[in-house]
Amino acid sequence: MNLAQHVDTLNLLGDENRIRLCALLRGRELCVTDLVRVTGVAQSRVSTHLGRLREAGFVRDRRQGAQSFYALATDSLPSSARVILDEAANAADPTLEGDQKRLAELDAERRGGLPESAVSEIERDYSPGRTWHSLAVGLSGLLKLGDVLDAGSGDGAAASSLAPFCRSLTCIDTNPRMIEAARERLQRYSHVRTQVADLHDLPFEASSFDAVLMFHTLTYAERPARAVAECARVLRPGGRLVLLCLDEHRQSEVTARYGERHPGFSPRAVRALLSRAGLSVVSSEIACREIKKPHLQVVLAIADKADKTGKTKQA
């Protein structure tokens, strides 16, 4: 290869998404739909990247009916491209590792395993009014809740969807400005109260609530174990705690600017926190993945508090 060819290779692989596609196509054939589902990149962009890679001889395609399947043209790859892709394959990169994990999930789905989360589909297949907000409001209509604590409510956005279906709803947060925003948002509900309170030392009697929500609160807590223990304390026997938090990640440069103290918690770590607080864990697993980089994942955990007979909702 001459100097110009080396420069062309570096320019072609100077785009992160093209390296991701090459890494995925290195050992197998995949169609555009597969690549879109695994990477979260828009179909038009995936097709454009594949076109450039094919023109350069990096990728070959094969028609099967109405679909084209792509694979890395390993035999004809320039040596400099091979070195770059080899190093990428051996690097402990969270983006590339995430791609491989989602590819494995796609394979499991096709073998009849659990389906991959379709979290991106509602945004990709938009129609007027079909939004996550409208979906959340609609699903809330199925609920019939008692006394609810929203622990770390922020501006009350989630609480506003639940308020009509609670006997009472208490929103607490350490930020006075957030509580003021929540109070304004929820002022039409006479059964809702908002107050500034410390999650580590809740100002409520034990067994005060039928349900406790911890929606994206745990990563901001100075002492996560203490926060979970307090929420468990104020939960009534037979009650339920529902928790959302970021999965463990290596993107602190993104999340730290929002004031997060901890780089997420794995489903296993969340399960351990809930169990140590004396709750019976119903489930703790990855619920969804953000479409936009850095593709953060969210853990959903559900745990029950045993009643006087030792039974939980799960039982």
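Within this structure, LEU85 fails the test of being closer than 19 Å to GLU16 by Cβ, crowded, with 18+ Cβ neighbours inside 10 Å and free of Cβ contacts under 8 Å to residues at least 60 places away in the same chain.
Could you list, in sequence order, all residues of the range 9-30 that are hydrophobic (A, V, I, L, M, F, W, C) and exposed (fewer than 15 other Cβ atoms within 10 Å of the Cβ)? Result: LEU10, single match. Mind checking whether some residue in the range 205-216 is more than 25 Å from GLY141 (Cα to Cα) and surrounded by 14 or more Cβ atoms within 10 Å (Cβ to Cβ)? Checking the range 205-216: at least one residue is more than 25 Å from GLY141 (Cα to Cα) and surrounded by 14 or more Cβ atoms within 10 Å (Cβ to Cβ). Restricting the range 71-82 to residues that are over 12 Å from VAL32 (Cα atoms) and aliphatic (A, V, I, L, M) leaves a set whose member that is nearest to the chain's Cα centre (by Cα) is LEU72.
For the range 55-70, name all the residues that are surrounded by 14 or more Cβ atoms within 10 Å (Cβ to Cβ) and over 17 Å from THR33 (Cβ atoms). The answer is ALA56, PHE58, ARG60. Pairing each residue of the range 265-277 that is free of Cβ contacts under 8 Å to residues at least 40 places away in the same chain with any residue that is acidic (Asp, Glu) and assigned to a loop (DSSP other than H, G, I, E, B), provided the two are 6+ apart or on different chains, yields C-beta distances under 8 Å for SER266/ASP247; SER266/GLU248; PRO267/ASP247; ALA269/GLU248.
Of the residues that make up the range 305-315, is at least one of a type outside the set (Ser, Thr, Tyr) and modelled with pLDDT of 95 or more? Yes, the range 305-315 contains at least one residue that is of a type outside the set (Ser, Thr, Tyr) and modelled with pLDDT of 95 or more.
Only one of the numbered conditions (1) part of a strand (DSSP E or B); (2) in contact (Cβ under 8 Å) with a residue 40 or more places away in the chain; (3) in contact with a strand residue (DSSP E or B) (Cβ under 7 Å, 6 or more places away or on another chain) is violated by ASP307, and that is (1).
None of ARG193, ARG177, ARG223, ARG240 is surrounded by fewer than 19 Cβ atoms within 10 Å (Cβ to Cβ) and in contact (Cβ under 8 Å) with a residue 24 or more places away in the chain except ARG193. The condition of being more than 30 Å from GLN297 (Cα to Cα), of a type in the set (D, E, K, R) and in a helix (DSSP H, G or I) does not hold for ARG63. Return yes when ILE286 is under 13 Å from the mean Cα position of the chain (by Cα) and either part of a loop (DSSP other than H, G, I, E, B) or not hydroxyl-bearing (Ser, Thr, Tyr) (or both) and no when it is not. Answer is yes for this residue. Kindly indicate whether any position in the range 44-54 is within 24 Å of ALA108 (Cβ to Cβ), in contact (Cβ under 8 Å) with a residue 12 or more places away in the chain and in the same structural domain as ARG102 (by TED's automatic domain parsing). Yes, the range 44-54 has at least one match. So, SER275, is that one modelled with pLDDT of 85 or more and over 17 Å from ARG236 (Cα atoms) or not? In short, no.
Helices (runs of 4 or more DSSP H) fully within the range 176-263 that include at least 3 residues being modelled with pLDDT under 95: 176-185, 252-255. Selection of the range 88-109 for residues being in a helix (DSSP H, G or I), aliphatic (A, V, I, L, M) and either out of contact with any helix residue (DSSP H, G or I) (no Cβ under 9 Å at 6 or more places or on another chain) or free of Cβ contacts under 8 Å to residues at least 12 places away in the same chain (or both) yields ALA104, ALA108.
If you go through the range 136-167 and keep only what is more than 24 Å from the chain's Cα centre (by Cα) and assigned to a helix (DSSP H, G or I), you end up with ALA163, PRO164, PHE165.
Somewhere in the range 153-163, is a residue surrounded by 14 or more Cβ atoms within 10 Å (Cβ to Cβ), charged (D, E, K, R) and modelled with pLDDT of 95 or more? The answer is no, given that none of the residues of the range 153-163 is surrounded by 14 or more Cβ atoms within 10 Å (Cβ to Cβ), charged (D, E, K, R) and modelled with pLDDT of 95 or more.
The condition of being part of a helix (DSSP H, G or I), within 30 Å of PRO263 (Cα to Cα) and touching a Cys at 6+ places or on another chain (Cβ under 8 Å) holds for LEU85.
The values are calculated or read from the model by the stated rules, or taken from the named source; none is laboratory data. Owing to the predicted nature of the structure, the values given are computational and were not obtained by experimental measurement. Ideal geometry is used to build each Cβ from the backbone, glycine not excepted, and the neighbour counts take in all protein chains shown.
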